[in-house]
């Protein structure tokens, strides 16, 4: 109250607890916005893996960027001019023709596993801009191996032994009773 008897409104600032909660809320909002922007930026560079059966059954849109994996069909490799190569990738059920311009990996050959990255064309052919060959299942993506297993083209004997799985750590042997 003032001397004249009128009440004075005293405005206090925020309490320490209110300031802390406001700061935490703002920090969470900024982190949420930053995470959203990062995910949006990455969405254009993510390429999904597909098998030939996936491409046929899902009826994927032409122009889609993806990875195609399977086996190089026997008798399908054709070499052209200017390092142009065409071949067919199969998973046993369906096949997709692939064209690639460039140097193929040394391990690339018919009947071997391959993963190509590129774009699906309107004619359901695949234009690859990179080709990766594998020499055993350790270098094959899990999705390719699973797809080949489902199609019955995976032989359990094809697996190279995993040194860690084949040789488990030996159990500790107890010391002789009198050696302590």
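For residue 39 and residue 104, the FRET efficiency from 1/(1 + (r/R0)^6), where r spans their Cβ atoms and R0 equals 45 Å, is about 0.80.
Taking each residue as 0.36 nm, the span from residue 74 to residue 20 lengthens on full extension beyond its C-alpha to C-alpha distance by 12.7 nm. For the pair residue 27 and residue 149, what calculated FRET efficiency results from E = 1/(1 + (r/R0)^6), where r is the Cβ-Cβ distance and R0 = 45 Å, to the nearest 0.05? According to the calculation, E is roughly 0.45.
Where a number appears in this text, it was derived from the coordinates with a stated rule and is not lab data. Computed from a predicted structure; not experimentally measured. A quick note on method: Cβ atoms are made from the backbone with ideal geometry, for glycine too, and the neighbour counts reach across all protein chains shown.
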